[in-house]
There are 2 protein chains.
Amino acid sequence: MALGEFQLIERFFAQSHVRRPETILGVGDDCALLAVPAGMALAVTMDTLVEARHFPVDTDPCDVGYKALAVNLSDLAATGAQPAWATLSLSLPEADEAWLAAFSAGLFGLAQEHGVELVGGDTVRGPRVITLQLHGFVPPGAALTRKGARPGDLIYVSGTLGDGGAGLAVASGGLACAVADAAWLRGRLDRPTPRVSTGMALRGIATAAVDISDGLAADLGHILERSGVGARVELEALPLSAELLRAASSAQARQWALTAGDDYELCFTVPPEQAAAVAALPVLCTRIGVIEAATGLRIVNGQGQPVTLSATGHDHFSGQQ
Amino acid sequence: MALGEFQLIERFFAQSHVRRPETILGVGDDCALLAVPAGMALAVTMDTLVEARHFPVDTDPCDVGYKALAVNLSDLAATGAQPAWATLSLSLPEADEAWLAAFSAGLFGLAQEHGVELVGGDTVRGPRVITLQLHGFVPPGAALTRKGARPGDLIYVSGTLGDGGAGLAVASGGLACAVADAAWLRGRLDRPTPRVSTGMALRGIATAAVDISDGLAADLGHILERSGVGARVELEALPLSAELLRAASSAQARQWALTAGDDYELCFTVPPEQAAAVAALPVLCTRIGVIEAATGLRIVNGQGQPVTLSATGHDHFSGQQ
């Protein structure tokens, strides 16, 4: 049974599980009408997922819905913003009710956790391409950006790195390991945990922040470029999960950590006197290096000797992913 | 020469021609940061264009860029909102510099006209799918919605209807007519004029409004459903362009006007005492019918006799377009 577009939208997306008090008008008109709280800046971010490029074709549609929101929550986290509203563009080859039911369950499950209300969007027939825009609030002076890192600042990352790259290798059959480790790594690829509370806690502490979607080297590179500084990163300090270290060599694990992307952890810089505040964050954050005045990213081994990277990160057009 | 994603973004999209004073941080960070003026609601709308579905494959990329913004401006117009910021998701099969140059010229040309600043988005490799989200301002109490039409209200449309449908027939080779008329009709399909100033002028005048993207019958139907009313529309009152009437029979022209969509005119309702205010609008608006208490849409001919529609409008999933 084929449902019409409008019926599909009503059935799966008109009922946002979250209702925010600042929403004047949600799904169902030409525009949504939203009241941003006084004194708050609106933070907006938009990410697009293309099937077979940003998620493997065999990905559970529930995880696709989850990830479409999670990658945007990760951008808000890097800004220190509190999530509020989402809009969703769904281009789908057919009106597949089972797919939509699973997708919306994954999306709304995570939305509920973070108080995100779906307030609008578009649904069209076409190749499977999903674009989600997320809106959040942040006091303008407290927003974290890529600009602001200063020489002497310590560089930290949340969680562990390289799991996303390993998960993609598991999905493509390129990594053989224990079933439990494979499932955990695949879960890190498909259902990354956006560091929203960590990002909000870093207001007033971090001097710069970015989320690691394209690999540490590329994303930290954005901080360095915007801040006009350089960095020294200790390769052996990169936090790696026990699952990743069982599944792959440490050299391979570090390579993924630096360049594979899809980790959705935060990389941020703090003045040395804020180290105690970082230690008190709810998520384990690891110091991996230091900001230096000389521009460029220097990766060093345990002996302090420079290490050369074979690739600087993921690039959607010229990269291989 | 293939350019990397980041270079492409910088080259074509980092330089928004418009800078708005309310923009705290634009393109180039994890989130854009925006300050909505005090006392204004934020109006947001998102539309997706899929190649071969929402625009013919031979469409000039300049017109694709124009239309991606125009269809969203049309939604803001239907809300009575003033345009402010756009975000753009571009999924493209290759890094085609000529295509991007033309697309961005079309987009930024219209953006400049309406004071729209591009503040963020995403660029990925994939099938050609374009999603644009537009943000605008409107005093919350003055926003136009689909709800609010009352029995006795007069129904108006701006401009002329059916040109978009005829333009699509021209594009597909299904309509043979004079070259100048064909070019004009194709122009109405590819470069519709969003009725932004008309929408803003209708604040405090219209009781309900919608933009005609899916055909008058379907879009007026949204007003009727949301307002819990019905309508009588006089078929022969529908405003048709001279070009359309030269290119097609009046029966075909009216059919396109009612059901083809892609016109991006406004349909709105006003109390009879506001008829003089409508006559003073900068764009010619035509009275086509009246809101009635009995639900349903009744289309009548010059003798007041009911006319039956063969299709009620465009539906992206179950329709043919």
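The values are calculated or read from the model by the stated rules, or taken from the named source; none is laboratory data. From a predicted model like this one, the values you see are computed outputs, not experimental measurements. We place every Cβ from the backbone using ideal geometry, glycine too, and count neighbours over all the protein chains shown. Remember, those area values only see protein heavy atoms, side chains included, never the ligands or the DNA or RNA. Shrake-Rupley method; radii C 1.70, N 1.55, O 1.52, S 1.80 Å.
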Next on the checklist: Please count how many residues of the stretch A:132-174 are touching a helix residue (DSSP H, G or I) at 6+ places or on another chain (Cβ under 8 Å) and under 30 Å from A:G39 (Cβ atoms).
Outcome noted: 16
Checklist outcome for this item: When the stretch A:142-187 is checked residue by residue, the ones that are more than 19 Å from A:V57 (Cβ to Cβ) and among the β-branched types (V, I, T) are A:T145, A:I155, A:V157, A:T160, A:V179
Next on the checklist: Can you pull out every residue in the stretch B:254-309 that is over 20 Å from B:R188 (Cβ atoms) and of a type in the set (S, T, Y)?
Outcome noted: B:T269, B:T295, B:T308
Item to check | Count of the stretch B:68-87 residues which are assigned to a helix (DSSP H, G or I) and open to solvent by 10 Å² or more (accessible area, probe 1.4 Å) | outcome: 1
Next on the checklist: Just checking: which of the strands (runs of 3 or more DSSP E) contained wholly in the stretch B:90-164 hold 2 or more residues that are among the acidic types (D, E) and not assigned by TED's automatic domain parsing to the domain that holds B:R226?
Outcome noted: B:117-125
Checklist entry - Does any residue of the stretch B:51-67 turn out to be within 13 Å of the chain's Cα centre (by Cα), more than 12 Å from every other protein chain (Cβ to nearest Cβ) and open to solvent by less than 20 Å² (accessible area, probe 1.4 Å)? => result yes
Checklist entry - Among A:V44, A:V36, A:V27, which is the only one that is facing chain B (nearest Cβ under 7 Å) and either modelled with pLDDT under 80 or assigned to a loop (DSSP other than H, G, I, E, B) (or both)? => result A:V36
Item to check | Check on B:P93, open to solvent by 10 Å² or more (accessible area, probe 1.4 Å) and in contact with a Pro (Cβ under 6 Å, 6 or more places away or on another chain) | outcome: no
Checklist entry - When the stretch A:133-142 is examined, which residues are found to be closer than 19 Å to B:L42 by Cβ and more than 9 Å from chain B (Cβ to nearest Cβ)? => result A:F137, A:P139
